[in-house]
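Here's the structure, in structure tokens; my notes come after.
Read-outs throughout are calculated quantities, based only on the coordinates presented, and are distinct from any laboratory measurement. Model, not experiment: these values are computed from the prediction. Here the Cβ positions follow ideal geometry from the backbone for every residue, glycine too, while neighbour counts run over all protein chains shown.
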Amino acid sequence: MNGSATVDGKNGIVKLTTQLSTGICYDVRMRYHAKIVTNAYDYTDPHPEDPRRVYRIYRALAEAGLVDIRGASDVSLISGARMQHIPAREATHDEVTLVHEQNHWDLIARTATMDHDQLVDETEHGDSVYFNNESFLCAKLSCGGVIDTCKAVVNGEVKNAIAVVRPPGHHAEPFAPAGFCLFNNVAVASRVMLKVFPEKVRKILILDWDIHHGNGTQRAFYKDPNVLYISLHRYDNGKFYPGTTFGSHDKCGDGPGLGRNVNIPWPCGGMGDGDYIYAFQRVVMPIANEFNPDLVILSSGFDAAPGDELGECFVSPAAYGHMTHMLKSLASGKLAVVLEGGYNLDSIATSALGVTKVLIGEAPMPLTNMYARPEALQTVERVIRAQAKYWKCMKIGHTIHDQAGAPAAERLHDVLRKYQAAQLFKQMSMTPLPIFRDRISESFEDQVLCTPGFQSAKTLVILVHDPPTVWTEPDPVTGYISIHDTFVLDATTKYLQWANNRGYGIIDINAPQLFTGQEDENYNISVALQDLCLYVWDNYIEQTDARHIVFVSTGDACGGVVYLLGHREVRDRVRASVSFVGSKDLAAIVPIMDEFIIDWYYTNSMILTVKYHPAWDASNNGKAPRKKFGNVTQTEYESLNELMVGKYSDAIAFIEADIVDSSDSDDERRARKRRKDGSE
């Protein structure tokens, strides 16, 4: 606690004013938890959860003049420093078991007396955890340090605090350690605060910005209305650790805790400052302010920082500082920051320093990147729609389509496809192609259309595309749109008309994000498109007389075509594949049939992206994507529809150059094929 003296000029009275310091919890003994050596390689290949993590953060704070470097175990402070030491002590059995089952406690306790082989066995059979004989002590110190850090904040002994502790905690489930975590430090501390301070702490916000989803913390409070858990994490459709769908945007809590769980799941790596700041401004802070917590606990992993090989993201110390600054506006400034992950020693040191400087009262550093990527915009929009059922601040501009008493409704993509089918029948005599599959929309009889006689056409064009784009300006309050001011943007019509005018056979495949009547969480559009493309090839395309086959695909549908090209022998007949990827992920061809398929695909493909596609991020050093993604070109267009219209002439020229004229002999066709494949 710092103080300053002022003199009342009128009365000559000296007044002493006090200002609370920022607390820091650190104990050198937490470095004793380390992976035991099982072979010679362990000496040169340290575990990501390195004991040096906490020391490097402490050293960065000391070098900045915030704490004393004289002794890592004696965290005495230099004169005038703005940080106050909070001693770490061992968490008790009664505290830990407020969250964890008895068997969990017993397992960690036994590690203190296990021999070398037993420790190795527990390590090998655990879920990304390791143990030595000091693990139990360190886990108790880490957990107890976080408890007392939160207590110091709640009691007003410090204005806010940072706990530089390890092992981390947010992956530890109530029943088992996991993901480098032994006890769930933040979850246990939250339970203790609610129990010990029932009048002061009625509601707690846990904000988790570690790159991995805090599955253990979410599990501990999934049904608790008094704890709001918000997590920003890399998700990758459930494939990123911890590798389940528990971190999806639609996991909003259960029972009395419904609406008290908010997941912001990034679909890929490469997320940066603009994405996180956008999510904070659109979701985190509005919901947090509406919740109005009495205490904020920050699960502060720094593995989204540049240089972290596990996270592969680019959140700068400046962005961490800005997010901390926003969180300080909550709960009268009662904020406890708790170290979770972060495995690049330089990154965690600079990131933690950026956070700590904001805690002690400095302004955050200026941001250099304020623009959110399309993936961030889409993810945040999905989160807002899911949370609009539970938070008034999220309902503005969003209609709850499944609320009680809502009128029966039909999805617009069904309506539009029916209209498309009617128009294509009128203009080109196209009719539905029977698709006998388990996963088919109840109202989507027109998903696959074809021209009459496509089986005998020498040239066959297959369009696999997303539904048309609808442009409108919704009412800013209700979210309703006016049909009179709504426009359908469908650039695929130009390509259908071109193919029809040339007399080519046509198969038109529409690929909606979901099928009406089958809106279950297990539906995956990528897998569904792969299955559909294989089905159409095996049952229809392969049986045709066409010797010149062309694929034109858009958006999410591009992946289904690439999957088909890699899983069937297509090179004798497929002449070109044009993919208007837009802002969607690039799909790599997998050489199941023949390793030379990659070179063939690169030669015969045109892959077009929008201007700001992640493939061209600065992190790629200006290099084009590898050949397995096809011949990828960055364009100046910013939307898929603009891209398809603007690159129409180039795409048609590329296709027609690859279609062999019907007058060519078989020898000429084979010679041309050899030249294209590079064999001549």
Subject >> Mean separation of Cα contacts under 8 Å, 6 or more apart, over the residue count of the stretch 83-177: relative contact order % >> reply: 39
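Given the DSSP H assignment, sum -39500 (n - 2.57) over each helix run of at least 4 residues in the chain and divide by its residue total; what's the result at 222 nm in deg cm²/dmol, nearest 500?
Working: 22 runs with 228 residues, N = 680.
The helix contribution divided over the chain gives -10000 deg cm²/dmol.
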Original post:
By how many nm would the segment from Glu638 to Thr245 lengthen if fully extended, with 0.36 nm per residue of separation less the alpha-carbon distance?
Top reply: 138.4 nm
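So if we plug the beta-carbon distance of Ile36 and Asn501 into 1/(1 + (r/R0)^6) with R0 = 56 Å, what FRET efficiency do we get, rounded to 0.05?
Numbers: r = 72 Å, r/R0 = 1.29.
Plugging the Cβ-Cβ distance into 1/(1 + (r/R0)^6) gives 0.20.
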**OP:** Order by neighbour count: Lys140, Lys151, Lys239, fewest other Cβ atoms within 10 Å first, most last.
**Re:** Lys239, Lys151, Lys140
Subject >> Tilt relative to the chain, helix 52-63 - C-alpha long axis, 0 to 90 degrees, to 10 >> reply: 60
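By average Cβ neighbour count within 10 Å, what is the ranking of 85-96, 164-175 from highest down? If you can, show how the numbers build up before the last one.
Numbers: 85-96: 18.9, 164-175: 26.5.
Most protected by this proxy first, the peptides run 164-175, 85-96.
Among 115-122, 335-342, how do they line up by average Cβ neighbours within 10 Å per residue, starting with the highest?
Numbers: 115-122: 13.8, 335-342: 28.6.
Per-residue mean Cβ counts within 10 Å order the peptides as 335-342, 115-122.
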Original post:
Between Leu489 and Arg29, what is the label-to-label distance in nm when each label sits 7 Å out along the Cα-to-Cβ direction?
Top reply: 6.3
**OP:** Within the set of other residues whose C-beta is less than 11 Å from the C-beta of Ile287, count the net charge using Lys and Arg as +1 and Asp and Glu as -1.
**Re:** +2
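For Glu410 and Asp117, what does the FRET efficiency come to when R0 = 60 Å and r is the distance between their Cβ atoms, rounded to the nearest 0.05? Can you show the working numbers first?
Values: r = 64 Å, r/R0 = 1.07.
So, using R0 = 60 Å, E works out to roughly 0.40.
Most exposed first by the Cβ proxy, i.e. fewest other Cβ within 10 Å, how do Ile525, Ile348, Ile592, Ile607 rank? Could the numbers behind the result be given before it?
Details: Ile525 18, Ile348 28, Ile592 12, Ile607 24.
In increasing order of surrounding Cβ atoms, one gets Ile592, Ile525, Ile607, Ile348.
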Subject >> Kirkwood Rh (inverse of mean 1/r, distinct Cα pairs), the stretch 2-395, angstrom >> reply: 21.1
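Over the chain, what is the relative contact order in whole percent, taking alpha-carbon pairs under 8 Å and six or more residues apart? Please list the in-between numbers first.
Values: 1385 pairs, mean separation 57.4, N = 680.
Computed over the chain, the figure is 8 percent.
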Subject >> Degrees between helix 185-196 axis and first principal axis of the chain (Cα, 0 to 90, nearest 10) >> reply: 50
Original post:
Roughly how large, in nm² to one decimal, is the mean projection of the convex hull of the alpha-carbon atoms in the stretch 547-657?
Top reply: 6.6
Subject >> Lysine-lysine proximity count for the stretch 176-331, Cα under 27 Å, sequence distance 8 or more or distinct chains >> reply: 14
Original post:
Quick one: net charge of Gln118's neighbours, Cβ under 13 Å, K/R +1, D/E -1?
Top reply: -4
**OP:** Compute the distribution of all C-alpha to C-alpha distances in the stretch 249-307, in bins of 10 Å from 0, and list the percent of pairs in each, rounded to whole numbers.
**Re:** 17, 48, 30, 5, 0
**OP:** Apply the Kirkwood formula to the stretch 476-613: the hydrodynamic radius equals the inverse of the mean of 1/r over all pairs of different alpha-carbon atoms; give it in Å with one decimal.
**Re:** 16.9
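To two decimal places, what compactness ratio does the chain give when its Cα radius of gyration is scaled by 2.2 N^0.38 Å?
My calculation over the Cα atoms of the chain gives 1.13.
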Subject >> Peptides 19-31, 491-503 ordered by average Cβ neighbours within 10 Å, highest first >> reply: 19-31, 491-503
Subject >> Nearest 10 degrees, 0 to 90: helix 317-327 Cα axis against the chain principal axis >> reply: 70
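Please work out the Kirkwood hydrodynamic radius for the stretch 157-284, using every pair of different C-alpha atoms, and report it in angstroms with one decimal place.
Details: mean 1/r = 0.0656 Å⁻¹.
Its Kirkwood hydrodynamic radius stands at 15.2 Å.
Using a ≥ b ≥ c from the Cα gyration tensor of the stretch 209-332 (square roots of the eigenvalues), is it rounded, prolate or oblate, where a/c under 1.5 gives rounded and otherwise the larger of a/b and b/c decides, a/b for prolate? Intermediate values should be presented prior to the final figure.
Details: a/c = 1.99, a/b = 1.16, b/c = 1.72.
Because a/c hits 1.5 or more and a/b fails to exceed b/c, the stretch 209-332 counts as oblate.
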